[in-house]
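The values are calculated or read from the model by the stated rules, or taken from the named source; none is laboratory data. Keep in mind the model is a prediction, meaning the values are calculated, not measured. When we count neighbours, we look across all protein chains shown, and the Cβ atoms used for this are built from the backbone with ideal geometry, even at glycine.
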Amino acid sequence: MIHNLYKSTLLLSNGQKYQGWSFKNNFTISGEVVFNTGMTGYQEIMTDTSYSGQIIIFTYPEIGNNGINFEDYESSNIQVKGIIAKNICMHPYNWRNNISLYDYLIKNNIPHIFGIDTRKLTKNLRRNGVMAGCISSKSIDINLLQKNIENTRPIEKQDKILEVTTCKAYEIWKNSKYITYFSYLNKITRTPLLNYRIVIIDFGVKSNIIYKLLDYGCKVFVVPANSSYDFIIYHQPDGILLSNGPGDPSQVKYAIKTTQQIINYTTIPMFGICMGHQIISLALDLKTFKLRFGHRGLNHPAGNKQISEITSQNHGFAVQLTKNYQNRIKITHLNLNDHTVAGLIHNKKPIFSVQYHPEANPGPHDSEYLFSSFIQMVQFIKDASLHSISHTE
């Protein structure tokens, strides 16, 4: 099969230019250029809302070997602005393959460039920090490409969450279709159906977070990111999970305020993942800051003096501790590469959060126990509440 190739250009905001190829012609896009060091997971990355509006560099030298399947989407839409690769496999070989990455890129009009030195490009970003960039197969005029970059809004000044959150609340339950899709991954629950009511505040929730809760037999209610305190409490949650999501957490004022109300007025167990971790931290009067080049990959060590877990991470911001933080929280995990905060627990309330992804798929399962810890916390608080009511009567 003969594939059309078109000369394409990648220009970074620092003026560095890279020449490559694309399977599509006549496109020009710009966005924040970031890199992911995972050896696999390109399908999940392209549909992960946490990458909304970003151009992703895949550092693994060849992607597309496994093709694309119908089960591993993390959302219903393509979320990335574009992708950058060294090489794209044209003939995938995997028993789950439904469509090649080549056909997927063409069918979904995903801007891309390949055939460049991604190792050199990644070292550039590690040295200078993530930056805006532009990919074009339509123009090689540097001045025009530079104007596109200049018109790209910095990610730290945007609320990306309202672009990816659900428009209205919905409920999800486990059914035969779910079991059929995921039985080969041994995801059929072996625990009793607990029927706990878990509300997910959707900052861009990944599908696998929902699947983990379904595994425990929970009734899952997904609500928009800008839901009010009263609307969330109306669903009578036994537990609340704050999901992952894209962008600058400090811009999400409405979610920070609602989270503060939940913390101050209730004892409902809360679990934050990635963006959810940052929102909980801001609600507890901590701060966040932008990382130089972010944490994006499947092998980031997180832990403390006693433990170390290999974790999947994807974020460009981190939590910054403030004065007297020990009065409110305890730090449970650090990113062992740069010692940024990777996990915390509230001193008095049933609240904890992590900066990484315990639901990782693909990725390590070292931290999957956190979902069990969350469910145990929900069970403990609910049992304590029922015990208190029975004694009152």
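For region 340-358, the count of residues that are of a type in the set (D, E, K, R) and modelled with pLDDT under 95 is zero. Considering region 33-73 alone, what residues qualify as being charged (D, E, K, R) and either farther than 18 Å from His295 by Cα or touching a Pro at 6+ places or on another chain (Cβ under 8 Å) (or both)? The answer is Glu44, Glu62, Glu71, Asp72.
The set of residues in region 222-236 that are in a loop (DSSP other than H, G, I, E, B) and more than 13 Å from Ile262 (Cβ to Cβ) comprises Ala225, Asn226, Gln236. Tell me, please, whether a residue that is of a type in the set (D, E, K, R), outside any loop (DSSP other than H, G, I, E, B) and touching a residue at least 12 places away in the same chain (Cβ under 8 Å) can be found in region 350-361. No, because not a single residue in region 350-361 is of a type in the set (D, E, K, R), outside any loop (DSSP other than H, G, I, E, B) and touching a residue at least 12 places away in the same chain (Cβ under 8 Å). The C-beta contact set for region 265-291 (first residue within 15 Å of Gly316 (Cα to Cα) and in the same structural domain as Ile329 (by TED's automatic domain parsing), second residue modelled with pLDDT under 95 and not polar (S, T, N, Q), distance under 6 angstrom, 6+ apart or interchain) comprises Lys290/Glu156. Scanning region 258-291 for residues that are among the hydroxyl-bearing types (Ser, Thr, Tyr), part of a helix (DSSP H, G or I) and within 18 Å of the chain's Cα centre (by Cα) returns a single hit, Ser281.
Which residue pairs have Cβ atoms under 7 Å apart, sit 6 or more places apart or on different chains, and have a first residue in region 379-392 that is assigned to a helix (DSSP H, G or I) and a second that is surrounded by 10 or more Cβ atoms within 10 Å (Cβ to Cβ) and at pLDDT 85 or above? Within 7 Å, the pairs are Ile381/Thr267; Ile381/Pro269; Ile381/Pro350; Lys382/Asp238. So is Ile155 in contact with a Gly (Cβ under 8 Å, 6 or more places away or on another chain), aliphatic (A, V, I, L, M) and at negative phi or not? Yes, satisfied.
Going by the conditions given, is Lys382 among the basic types (Lys, Arg), surrounded by fewer than 18 Cβ atoms within 10 Å (Cβ to Cβ) and farther than 28 Å from Gly217 by Cβ? No; evaluated as a whole, the condition is false for this residue. Would you mind stating whether Thr118 is modelled with pLDDT of 90 or more, buried (at least 18 other Cβ atoms within 10 Å of the Cβ) and either basic (Lys, Arg) or within 26 Å of Tyr73 (Cα to Cα) (or both)? Considered against the rule, which asks whether it is modelled with pLDDT of 90 or more, buried (at least 18 other Cβ atoms within 10 Å of the Cβ) and either basic (Lys, Arg) or within 26 Å of Tyr73 (Cα to Cα) (or both), Thr118 comes out as yes. Restricting attention to region 105-153, the residues being part of a loop (DSSP other than H, G, I, E, B) and touching a residue at least 60 places away in the same chain (Cβ under 8 Å) number 14. For region 237-257, the candidate set comprises residues that are of a type in the set (Ser, Thr, Tyr) and not in a loop (DSSP other than H, G, I, E, B); within that set, the residue that is nearest to Val223 (Cα to Cα) is Tyr254. For region 131-148, the set of residues classified as of a type in the set (A, V, I, L, M, F, W, C) and more than 15 Å from Ile113 (Cβ to Cβ) consists of Met131, Ala132, Ile142, Leu144, listed by residue number.
A quick yes/no check of all residues on (1) among the aliphatic types (A, V, I, L, M); (2) under 24 Å from the mean Cα position of the chain (by Cα); (3) not assigned by TED's automatic domain parsing to the domain that holds Lys382:
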{"site": "Ala318", "(1), (2), (3)": "yes, yes, no"}
{"site": "Arg328", "(1), (2), (3)": "no, no, no"}
{"site": "His333", "(1), (2), (3)": "no, yes, no"}
{"site": "His346", "(1), (2), (3)": "no, yes, no"}
{"site": "Ser353", "(1), (2), (3)": "no, yes, no"}
{"site": "Tyr356", "(1), (2), (3)": "no, yes, no"}
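Exactly one residue out of Thr166, Thr191 is modelled with pLDDT of 95 or more and in a loop (DSSP other than H, G, I, E, B), and it is Thr166.
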